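The values are calculated or read from the model by the stated rules, or taken from the named source; none is laboratory data. Computed from a predicted model, the values in this text were never measured in an experiment. When we count neighbours, we look across all protein chains shown, and the Cβ atoms used for this are built from the backbone with ideal geometry, even at glycine.
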Amino acid sequence: MPIIISPTDFASAIGTETKATDWFQIDQDRINAFADCTLDHQFIHVDPVAAAKSPFGSTIAHGFLSLSMLSYFAEQLEVVIEGVKMGVNYGLDKVRFINPVKVDQRVRARAKLLDVTEKKPGQFQLKLEVTVEIEGQDKPALIAEWLVMQFI
């Protein structure tokens, strides 16, 4: 269910939680592509043979890859100011990588609206507590406060 925030009464939406997004599988090709983009080719990400001997037992996704999936999940989370024309990332606070995402695991996200601030007329900053969950795991991959600027 989307969270549609009234630009004149956003206080009533504070504390609202989204439904979870669909699951998304993080495969080795995606991990390798992210390693190429970031130039982070540490063996725990790109060498399945060496990573199998690590404490993780397999390759793992980069923490920043898991975090970057928020861009993909944003459309499904559907937390928007009514009449929004555009949204951009503003920043992140309190990012914590709690549990590694192993190759071929599936992740999804959920969010809770913590705050809305009107910065200028027609420009709103949303603060979301986001959690990226790993299928079958008690502990999430990460928790963060995500700051998004939306324009109406």
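Observations on the structure shown:
- Hey, Asp115 of a type in the set (D, E, K, R), surrounded by fewer than 18 Cβ atoms within 10 Å (Cβ to Cβ) and within 21 Å of Ile4 (Cα to Cα) or not: yes
- Within the range 12-30, the residues that satisfy the criterion of being touching a strand residue (DSSP E or B) at 6+ places or on another chain (Cβ under 8 Å) and either of a type in the set (D, E, K, R) or not in a loop (DSSP other than H, G, I, E, B) (or both) are Ala13, Glu17, Lys19, Asp22, Phe24, Gln25.
Residue by residue, here is whether (1) buried (at least 16 other Cβ atoms within 10 Å of the Cβ); (2) aliphatic (A, V, I, L, M); (3) part of a helix (DSSP H, G or I); (4) at pLDDT below 95 holds:
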| site | (1), (2), (3), (4) |
| --- | --- |
| Asn32 | no, no, yes, no |
| Ala35 | yes, yes, yes, no |
| His41 | no, no, no, no |
| Gly83 | no, no, no, yes |
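The rows are residues; the columns are (1) over 25 Å from Gln42 (Cβ atoms); (2) assigned to a loop (DSSP other than H, G, I, E, B); (3) at pLDDT below 95.
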| position | (1), (2), (3) |
| --- | --- |
| Tyr90 | yes, no, no |
| Val95 | no, no, no |
| Asn99 | no, yes, no |
| Leu113 | yes, no, no |
| Glu129 | yes, no, no |
| Gln137 | no, yes, no |
| Val148 | yes, no, no |
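- Of residues in the range 4-30 being within 19 Å of the chain's Cα centre (by Cα) and of a type in the set (Asp, Glu), the one surrounded by the fewest Cβ atoms within 10 Å (Cβ to Cβ): Asp22
- Verdict on Phe56 being among the hydrophobic types (A, V, I, L, M, F, W, C) and in contact with a Pro (Cβ under 9 Å, 6 or more places away or on another chain): yes
- There is at least one residue in the range 25-36 that is in contact (Cβ under 8 Å) with a residue 12 or more places away in the chain, farther than 30 Å from Ile4 by Cβ and of a type in the set (Gly, Ala, Ser).
- Screening Phe64, Phe56 for residues that are surrounded by fewer than 16 Cβ atoms within 10 Å (Cβ to Cβ), modelled with pLDDT of 95 or more, more than 20 Å from Thr18 (Cα to Cα) and within 11 Å of the chain's Cα centre (by Cα) leaves exactly one candidate, Phe64.
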